[in-house]
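J.: Take this structure first; my questions come after.
The values are calculated or read from the model by the stated rules, or taken from the named source; none is laboratory data. Source: prediction; values computed, not measured. Glycine gets a Cβ as well: all are built from the backbone with ideal geometry, and neighbour counts include every protein chain shown. These accessible areas exclude ligands, DNA and RNA; they are computed on the full protein's heavy atoms, side chains included. Shrake-Rupley method; radii C 1.70, N 1.55, O 1.52, S 1.80 Å.
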Amino acid sequence: SVTLTIATVPPGITGSAAPAPNADGWNNADVIVHFTATDAGTGVASLTPDVTVSAEGAGQVVTGTATDAAGNTATTAVTVSLDRTAPAITATIAPAANAAGWHMADVTVTFTSTDALSGITSTTPPVTVSTEGAAQLCQGTATDRAGNSSTASATIKLDKTPPAIALNPANGQTTGNAKPTFTTTLVDALSGIDPSTVKVFLEVAPAS
């Protein structure tokens, strides 16, 4: 007598990715695709081993195959989208600072970001700096759909208060041919005095 085992049903096969993608369907680190197979008839004879996806790209299809002892095969596929590159972000200051790096009115810092692969999900909105101060750090963040993020910053020096000037004596008076003498005091507690802008005007009243 001869016993024949006839198997016409292919094995069952499933695939999974580890780590699993985020809610947007992206990964930002290497992904291992693992295949699992079962066969109730002759048993699984071969199965595609784990596949590591390390190349960046969207919609990469990884196919696995299971074969049973009778030669029946089944395939399945796992799609991997991988982006490990952080987005690019820049900070733009408006209006531009003067030659000394200072502003004298409110400043708006705008952040602009790009991402060539998964795309941008969030970028810090424009920030208005209205508080006086030196070396104020304004920082923005951009995040892509894979969860990568990067930052950009701008340093703002803002002084909206004019300097104080005092003349001592306030009215230089003298008699005869002697020249009046003045002492000028200039004070600016924040950005300081720019010597090139200091001008002294002397008005001489006609003799009565």
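J.: Tell me yes or no: at least one residue of the range 7-23 is under 21 Å from the mean Cα position of the chain (by Cα) and either aliphatic (A, V, I, L, M) or open to solvent by less than 30 Å² (accessible area, probe 1.4 Å) (or both).
T.: Of the range 7-23, the ones under 21 Å from the mean Cα position of the chain (by Cα) are 22-23.
The next check asks that each one be either aliphatic (A, V, I, L, M) or open to solvent by less than 30 Å² (accessible area, probe 1.4 Å) (or both); those that pass are 23.
The answer is yes; a qualifying residue exists.
J.: Can you name the residue in the range 43-73 that is more than 30 Å from Asp144 (Cα to Cα) and of a type in the set (Ser, Thr, Tyr) and is also most open to solvent (accessible area, probe 1.4 Å) among such residues?
T.: Residue satisfying both the conditions and the ranking: Thr73.
J.: Looking at Ser150, Ser122, Ser113, Ser81, which is the one that is touching a strand residue (DSSP E or B) at 6+ places or on another chain (Cβ under 7 Å) and either of a type in the set (A, V, I, L, M, F, W, C) or open to solvent by 50 Å² or more (accessible area, probe 1.4 Å) (or both)?
T.: Numbers: Ser150 fails: either of a type in the set (A, V, I, L, M, F, W, C) or open to solvent by 50 Å² or more (accessible area, probe 1.4 Å) (or both); Ser113 fails: either of a type in the set (A, V, I, L, M, F, W, C) or open to solvent by 50 Å² or more (accessible area, probe 1.4 Å) (or both); Ser81 fails: either of a type in the set (A, V, I, L, M, F, W, C) or open to solvent by 50 Å² or more (accessible area, probe 1.4 Å) (or both).
Answer to the selection: Ser122.
J.: Then there's this: Among strands (runs of 3 or more DSSP E) lying entirely in the range 102-173, which contain 1 or more residues that are touching a Cys at 6+ places or on another chain (Cβ under 6 Å)? Break it down into steps so the answer makes sense when it comes.
T.: Values: elements: 107-114, 120-123, 127-129, 133-144, 149-158, 164-168.
Per the criteria, 107-114, 127-129, 149-158.
J.: Taking the range 125-147 as the region of interest, how many residues are open to solvent by less than 40 Å² (accessible area, probe 1.4 Å) and not polar (S, T, N, Q)? I'd like the intermediate steps shown before the answer.
T.: In the first step, residues of the range 125-147 are kept if they are open to solvent by less than 40 Å² (accessible area, probe 1.4 Å); the result is 129, 133, 138, 140, 142-144, 146.
So of that shortlist, the ones also not polar (S, T, N, Q) come out as 129, 133, 138, 140, 142, 144, 146.
Number of matching residues: 7.
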